[in-house]
Structure formats: structure tokens, C-alpha cells
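Asker: Quick one: the structure is below, and I'll ask about it shortly.
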Amino acid sequence: MLCAATAIGCGAPQQPPLRPAGGAAPAKGTDILLLGTDSRATITEQERREFHAGGVACNCADVMMLVHVSAKRDRVSVISLPRDSFATIPAYKPKASAKQRPAHPAKLNGAYAEGGATLLERTVEAATGVSVEQYLQLDFRRFIDAVNQVGGVEVCTKRRLKDSKTKLNLAPGQHLLGGGQSLQYVRSRHVDLSADLGRIQRQQRFLVSALEQLTARKVLTDPVAMGRVARTLLGPAKVQQGFGKDGVKALVSLASALSKLPATRTEFATVPTAGFNPPKTGIGSTLRWDAAKAKTMFTKVREDRPLIAAGTDPKPADPPVFGKDVPVRGNRLACP
């Protein structure tokens, strides 16, 4: 059961193996972990002030999306993993010469703070049973630069979006956002009572818009242009990425495949939740996954099946309603 494998939504946390009993299922398709970190050390002081990106970074992964590309490359499923989800970090060694730290409970995004992208990747595998082949992590600098490099991303909203922390202030309608404004858009979680779930939905909307506009501008099918974007996303050689030595080539190939997919062949979801766990010392309050629904969702991913039943077309609530979020097709998140 998911409960036994992950300790999410269960009683006393267990110390699970790295992957569920028997190991994660052999990959059908490609599973990529997309990470957005709160690292702001590489942006300028002026950018911090202009885009209200100050504060003290916790060195956490504030955006975590499990992206499944089907084996036939004819469907993409994206599942957002809330940063405050309760999880069990597998046993690991902080350094090769250090004593192994045993498995322990934490917020899901805390795995990045403890051991970087590789430990977070292992934690996500243990929680979902999905074998993650690759990961891509973006900090504030690479996100801003990539958006500016492609001429900005147009987003739309039916209602005013105003955030007291990031100072995002968008009137109803369509807006072409540069890199810094886009960062404000995807970071804002004080717009309404939906908090982090609302932020997740905006992140998904942003991704849909970006893919549609990059397709329309023919960036995804231009190896030279996409190669430049890929190098910006991957960052300098010292940046740890999970796309191997030839990451640029892998991203260009993936972009070409994505360019052939209409928004109706993409799916977006948030892992099903069931409430909050009581606060724990050193961890705080954590989000509890709905074990049964989460198991069903990740089983579909492992088996390379769509999240949305054929012949159905769910509509997203805007803002999303806690506990009632359902998978939707990308066209439902796109600008009209």
C-alpha cells in the first residue's frame, strides 16, 4: 500500500526502503522531475528590489513537478507535488566519509535542503513508486534569463491577481511578462485563500502558456534556438543537473517531441490531498496526501496510462478548492 511505502498520511513514520517493495516499476515512457529552487544568490540586488525577491532563502525546492512523457511521446502528464507534503527522506550519507543518516520524516521540499536534487529525486521515488530518469532544476537566475531569452511569456487571468508579498498586481486580461515579472507570477501564494494550491495552478498555467508560445514561435523545432534555451536552463557545468553529459541534446530532442503535442494531449494535476497533519517538532505542519487516490494516480503514471478518462473533460476551479482538485487537460489552463 502507498501508506506502507511512504508513511504519507499514516501514523508513526516508518523507515521505508528507497523504493517500494520490489523496486519501482520499470519505466514506461520517461519521467522527469522539474524543480524550482528558491536560490537567489545569482540575481542582482536591483532585481531583488524590483521583483520583490528578497528575504532569506531556505535552500528548498519550492516547485516540484513530476513530468511523465508517454512511451509513444503522444501524451504528457504533469503532477505537481506540494512543497509542504509530509514525506520520509531515505537514509543517506551527507558525505562519503560521514556516518549514514537514517530515514526520517520531513517536508518534501526539505530533502533538497539536506542533500540537493539527487536526494529529493530519491525521496520522490520512494513516495510515488515512480522511477525518475532525469531531473532539471532552475534557480531564479536561470528562470529569469530563459524567459527573457524567448521574448517573455503571455499569461491571462479572469480576475485580479494581487499578492502582498511579491507585489504581483495583474488586472483581468492578458499580460506579456518578462523574466522578472514571470518570477513574481509563479512565486505568488498570497493572492487568495487557495495559498500554495493557487500558486501551483498558476505555475501550471504558466507552463502551458510557455509551451504554446514556444511552439508558435517555432523555438521548440529550431535546434539552434532551442539549444541556446537549453544551455540557459541547464546553467554552467558546475550546476548539478540530471540530464547527463549531453543534456542540451536531450532537451532539444524532448522539445521537438513536445512541439507536436496539442494542449489537449497534456494533463495537469496536483497530488490528491486529505488535510494537514498535526505539527511536529522540527518539521511544523505538513500536508497529508490522500493515500488511496495518490496510489491510483501514480499507478497510472507507472503503467503509462492517462490520468483523465477518455471522453471526459474536467474543468479547473479558479481558484482551486482544497481537497477537490482534479486532473485537467492543458487546454483548460490555456489562455482563450
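Every number in this text was worked out from the coordinates using simple rules, so none of it is lab data. Everything numeric in this text was worked out from a predicted model, so none of it was measured. Backbone-built Cβ (ideal geometry, glycine too); neighbour counts: all protein chains shown.
Asker: Based on the mean of other Cβ atoms within 10 Å per residue, sort peptides 261-274, 225-238, 38-51 so the most packed one is first. Mind showing how you got there, number by number?
Answerer: Working: 261-274: 19.6, 225-238: 16.5, 38-51: 14.9.
The most tightly packed comes first, giving 261-274, 225-238, 38-51.
Asker: With a point put 7 Å past each Cα toward its Cβ, work out how far Arg228 is from Val56 in nm, to one decimal.
Answerer: About 4.0 nm separates the two model spin labels.
Asker: With the dipole of the range 171-304 worked out from charges on the C-beta (+1 for Lys and Arg, -1 for Asp and Glu) around the Cα centre, which of Leu254, Val224, Met297 lies farthest toward the positive end?
Answerer: Val224
Asker: Give me the distance between the Cα centres of the range 127-165 and the range 179-254, rounded to whole Å.
Answerer: 5
Asker: Next question, about the same structure. So which lysines can Lys107 reach, going by Cα to Cα under 25 Å and dropping same-chain residues fewer than 8 places off?
Answerer: Partners found: Lys93, Lys95, Lys99, Lys165, Lys280, Lys293, Lys295, Lys300, Lys324.
Asker: Please arrange Leu258, Leu138 by how many other C-beta atoms lie within 10 Å of their C-beta, fewest to most. Present the calculation step by step, with values, prior to reporting the outcome.
Answerer: Numbers: Leu258 18, Leu138 22.
With the sparsest Cβ surroundings first, the list reads Leu258, Leu138.
Asker: Along its three principal axes, how long is the range 234-294 when you only count alpha carbons? Whole Å, largest extent first please.
Answerer: Over the range 234-294, Cα extents along the principal axes are 46, 37, 15 Å.
Asker: Given an 8 Å cut-off on Cα distances and at least 6 residues of separation, report the relative contact order of the range 2-332 as a percent.
Answerer: Numbers: 654 pairs, mean separation 66.9, N = 331.
Across the range 2-332, relative contact order equals 20 percent.
Asker: Can you put Cys60, Cys156 in order of Cβ neighbours within 10 angstrom, beginning with the fewest?
Answerer: Numbers: Cys60 21, Cys156 15.
With the sparsest Cβ surroundings first, the list reads Cys156, Cys60.
Asker: Normalised by the residues of the range 225-336, what does the relative contact order come to in percent, with Cα pairs under 8 Å and at least six apart? Can you show the working numbers first?
Answerer: On the way: 105 pairs, mean separation 29.6, N = 112.
Answer for the range 225-336 is 26 percent.
Asker: To continue, here is another question. Below 15 angstrom from the Cβ of Gln149, what's the summed charge of the other residues (Lys, Arg +1; Asp, Glu -1)? Before the final figure, lay out the partial values.
Answerer: Working: positive: Arg141, Arg142, Arg217, Lys218, Arg228, Arg231; negative: Asp145, Asp222.
In short, +4.
Asker: If you don't mind, another one. Mind checking which aspartates and glutamates have their C-alpha under 14 Å from Lys72, skipping anything on the same chain fewer than 8 residues away?
Answerer: Leaving aside aspartates and glutamates fewer than 8 places away in the same chain, those within reach of Lys72 are Asp31, Glu303, Asp304.
Asker: Fully extended, how many nm does the chain gain between Lys165 and Thr221 (0.36 nm per residue separation, minus their Cα-Cα distance)? List each step's numbers first, then the result.
Answerer: On the way: separation 56, 0.36 × 56 = 20.16 nm, distance 3.76 nm.
Difference between extended and current length: 16.4 nm.
Asker: Let me ask another. Quick one: if you stick a label point 7 Å off each Cα along the C-beta vector at Arg288 and Gln174, how many nm between them?
Answerer: 4.5
Asker: Same structure again: Let me check I've understood the local charge: for Ala87, count other residues with C-beta under 12 angstrom from its C-beta, Lys and Arg +1, Asp and Glu -1. What total comes out?
Answerer: Numbers: positive: Arg83, Lys107, Arg122, Arg288; negative: Asp84, Glu114, Glu125.
Its environment carries a net charge of +1.
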